[in-house]
Each structure stands twice: as C-alpha cells, then as structure tokens.
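Participant: Just dropping this structure here.
The values are calculated or read from the model by the stated rules, or taken from the named source; none is laboratory data. Worth saying up front: this structure is predicted, and the values here are computed from it rather than measured. Quick reminder, even Gly has a Cβ in these numbers, built from the backbone with ideal geometry, and neighbours come from all protein chains shown. The accessibility values were calculated without ligands, DNA or RNA, using every heavy atom of the protein model including side chains. Shrake-Rupley method; radii C 1.70, N 1.55, O 1.52, S 1.80 Å.
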Amino acid sequence: MPRRFDTMRGIPPGILLIRSIRGKDWSLTTYRYVVLLVTFVAYTCYHASRKPSSIVKSVLDPEPAKVTGLYSWPIGEVFIKREFLGSEMNRLKNKGWPPFNGTDGTSKLGEIDVAFLACYSLGMYVAGHLGDSLDLRLFLTTGMIGSGIFVALFGMGYFWNLHVFWFYLVMQMVAGLFQATGWPSVVAVIGNWFGKRKRGLIMGVWNAHTSVGNISGSLLAASVLEYGWGWSFILPGGFIILGGIIVYLFLAAYPEDVGFPCPHGLAETIEAVPNDEEAQIMKGDLMEAKNNAALLSGSVSRRSVGLLEACLIPGVIPFALCLLFSKLVAYTFLYWLPFYLSHTAIGGEYVSVKSAGNLSTLFDVGGIVGGVLAGYISDKLNARATTAACFMYAAIPSMLLYRSYGNISKTTNIVLMMIAGLFVNGPYALITTAVSADLGTHRSLRGDSRALATVTAIIDGTGSIGAALGPLLTGFLSTKGWDAVFAMLMICALIAGLLLSRLIITEISEKTCKRTCSSDGQHTFAAPASQPLLSDQR
C-alpha cells in the first residue's frame, strides 16, 4: 500500500534542525520528555498571561491609602507593611484608574473577569473540535500568539490613557477566545504520546504548569507594577508569544508524524503480555505491526467525534459538572486571592498590593503538591472519581480554617493557604488532565476515532462556566463581606463532591466484584502443587 503523504503533518522545523546537526533522530523516550517540557512551558505561559488582572485589581480600584511596594520581588522585602512605605511611593498614582475606581469599580472588575471566562468557556467547545481536526502544533501556536497580542493590548490602555470600559471588556473577551485553544490542545498532545499506565502520576506532575504559571505570572506582573500597571500585562503578553514560537519550533504533536506509533490500541495488549522469552517475541511482532500501521496511515486518517457523541462517553457529563463547581472554587482564588489578602489584616497589619501578589503564589505551591498527590493516589487506587471527591470534601474544612484563622499571623496564613491550595487544586488538576485523557481514549470509542481534544473541551469548557461565575459572584458578594464568599465556595465544593457519587458507587462496586471473583477463582480453580498451571502449559 502506498504511503499517504497527503495525511501526514510536517515535522517541526526545530526538530528538523536538531536532526541535521546530530545526524540521527531522538529516541521515543527523548521525544516524550521534549513533549512534556514544551507543553509544560506552553500552558505555563497561558496561565501566566491570565494572572495580571488579579495583581492590578487593587491598583485599578484601590483603597484611599493603598500604594505599591518599594522594590520588585525578590530584591525588596516580600511582605511589606503599608504603614512603612516611603514618601516616594506615596507620590505614585494611587487614586485608581477610571472607570474602575468608582463606587461600582469592584463590580466592573468582576464583569471583566466573567467576560474573559465566558468567552473562554464558549470558545472551548469549538476549540476542542478544531483541535481534533487541525494540526495541534499550528493551532496551539496561533492561540498563544493571539493571546499574547490581546493581553498586551489590554495593558496598552494605560499608555494610551484610555478610560473607556468597553475597550478593556473587548480586549479580555478576545483574549478569552484565543486562550480557549490551549487546554484541549496540550491535553490531546499528552494523550497522543502517553498510554494509560501511570497517567495520573505523570499528568499530576505535568499539571504543575498551572501553578507554576500562576506563580510566574504573579511575579512578572508584580515586578514591573511600580513602572505602571500596563507593564504588568505587556510583559506576560510577550512571555506567551515567546512560548508560542517555542511550540511552533519544537512540538511534535503526534507520534506518527515523527515515525513512532500511537500508544493506544495495541499498547494495552503489549503491556498485558508476560515477560518470558516467548512473550518477548510476541511483543516484537506487536511493535512491528504498530510501526507498520503508523507508516501506512497519517495522524489525520482517524476521524474526530462530534460533541454529542463525546458527551455520551460514560463519565463525561458527571466529571464535567463536577469540574464546573470545582473550577468555580479554584478560579475564585486565582482572581481574587491577592485582592482578599490586601484587604484583610494579617497579624493586625495590612500588606501592600505587591506583597499580596507574592503571598498569593503560595496557594499555587500547595496546588502543585495537590495535583501530584491526587494523580498518584488515583493511580494506586485506580479510582479517579473517589479520589477527586475526597479532595473536594477535604477542601471544605480547609477553606473554613483559612477564613477563620488565616488572619492570626503570616505563618498561620501561609500554612493554611497552602493546605487549602492542595485540596482545592488537587481534584481540579486530576479531572482536567488524567480523567480527560482517560475518557478521550475510552474503550467505547472505535480505534479510528479521536476524541482527546473534544472530551477535554467539553469537561474544561463546562468547568469554565463555573470559573466565570465564581469571580463574578465574588465581585458582588465581597461587598457584603468575605464570609459570604467563603460560604459560597464551601457549598460549591460540597456539590462538586456529591456530583461524583454515582461514579464512586460504580468504582467501589467494580472493586468489590473483582475481589469476590478473584477469591472465588482461587478456591475453584486452584491447581495442585504437583500440576502446572494452565498458563504455564505449552
């Protein structure tokens, strides 16, 4: 059969250059490491470009005495008391930025957030289907560069001295549409390169990009805040554009396009084969068959599934609804935690806007641990739903403790914040990575269909509805007091856990059934010691 070049995608130019310099190709393991690294950098850039709006909130809509810090972190002090800021800083503009410094300024900031996240959520459904139909490398590159341009344009409003609300609203909306290209694409790429074995742990570690992006975005935005809040958007905007260039040069989105087979399909068969001498021959035959199949058909020869067909995959709807409430909680912290910290006395003292941004990054440090821990536990137990639900239930007391005792001292605040980050971001990370990839390669799909990006888009797109509602509701509820905000977050965490109840029952039933069947099998089919087992007979 002739090779179908018309269905093959091009090899990234950076990889072609490296091949020509080295004189040979990378191994499969090296490619996987490179894919993990490039996609990690890509989504770090995405999240870094979302963080500036939370950092500059208190500058756009400040309290009368609010000013910025003396020096950028880590040169200056990390946590700076407002009372001791020098007179030089008092000469900086601290009256806010129209139209966000009026009596309805907090509500307007909430509307900006919900506009971004609403467009992000709606764009996700379209982006997921396109991701399964188009070249993921080019699709991701376009999304990153487009995001960087419009994030930077938002910051240009400072230099152009624009005070029209619709300008900032439109910039955020268009940026949200471009940002929607990111998550379905990177999860689909990882799913293309890795099978299901240890996927939870691998993706739990890899998903640290979310927290690393939040931390780097906070530090980037805070580092240039004293030069004007516009720079807090321009610098992260340039960061994601640079990331887009790296993706274009070095991301091999499909194993088939660089001469390796897809890990799905026969991969499970190979892993199931024992490790004796005869099995090694069998493995070799299977690998040869996989390689031949990869060469005979390009990565686009498989069809992409529609949204309705993807929704019918068992587990997609429950996990999507769970993520709606889980992401509501996570994104409320993402967008409002620096604002909350700068408006709350910690140990009887207030911190500056810059210090609040630096302090909020520790929530994401806890989130990194939570993502890895949730992935590891779900792999060990082989129970994604049970793990996610337990984390969501544990998030309720952790948020209650943070609200009740986080103001005692900075040390207490940091410890409780990291614990809350661990339980809030753990299930969010698990569902958006390992669960999405599992369902995108579900056994109910035929071998010629691809649903990785589509399923990821459905789950994360639905979750993004919650991500849009959380910051919007917080904008209104915070005017009534932060107790109301935390009550909303705890109720949402409870609902998120309850939505997985049916899947939890199914997981427990399956495990109980397996133990029962295994126990019955041992008693019924146990062979005498003097006779060889059936599996050992030739």
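Participant: Here are some residues: Leu500, Leu473, Leu494. Which one is touching a Phe, Trp or Tyr at 6+ places or on another chain (Cβ under 8 Å), open to solvent by 60 Å² or more (accessible area, probe 1.4 Å) and at pLDDT 85 or above?
Facilitator: Just a single option satisfies the conditions, and that option is Leu494.
Participant: With the requirement that a residue be over 15 Å from Leu323 (Cα atoms), of a type in the set (Ser, Thr, Tyr), at pLDDT 90 or above and buried (at least 19 other Cβ atoms within 10 Å of the Cβ), what does the stretch 363-404 give you?
Facilitator: Those that are over 15 Å from Leu323 (Cα atoms), of a type in the set (Ser, Thr, Tyr), at pLDDT 90 or above and buried (at least 19 other Cβ atoms within 10 Å of the Cβ): Ser398, Tyr402.
Participant: Take the conditions buried (at least 21 other Cβ atoms within 10 Å of the Cβ) and more than 23 Å from the chain's Cα centre (by Cα) and apply them to Ser360. Does it pass?
Facilitator: no
Participant: Assess whether Leu422 counts as being surrounded by 24 or more Cβ atoms within 10 Å (Cβ to Cβ) and not small (Gly, Ala, Ser).
Facilitator: yes
Participant: Sort out for me the helices (runs of 4 or more DSSP H) sitting completely within the stretch 86-190 that have 3 or more residues that are assigned by the TED database to the domain that holds Phe239 and without any contact (Cβ under 8 Å) to a residue 12 or more places away in the chain.
Facilitator: Of the helices (runs of 4 or more DSSP H) lying wholly inside the stretch 86-190, those with at least 3 residues that are assigned by the TED database to the domain that holds Phe239 and without any contact (Cβ under 8 Å) to a residue 12 or more places away in the chain span 165-179.
Participant: On to the next question. Go through the stretch 193-246 and give me each residue that's among the aliphatic types (A, V, I, L, M) and under 16 Å from Tyr33 (Cα atoms).
Facilitator: Answer for the stretch 193-246, where residues must be among the aliphatic types (A, V, I, L, M) and under 16 Å from Tyr33 (Cα atoms): Leu201, Ile202, Met203, Val205, Ala208, Ile246.
Participant: Tally up the residues in the stretch 102-134 that are open to solvent by 30 Å² or more (accessible area, probe 1.4 Å) and within 21 Å of Val38 (Cβ to Cβ), please.
Facilitator: So the count comes out to 2.
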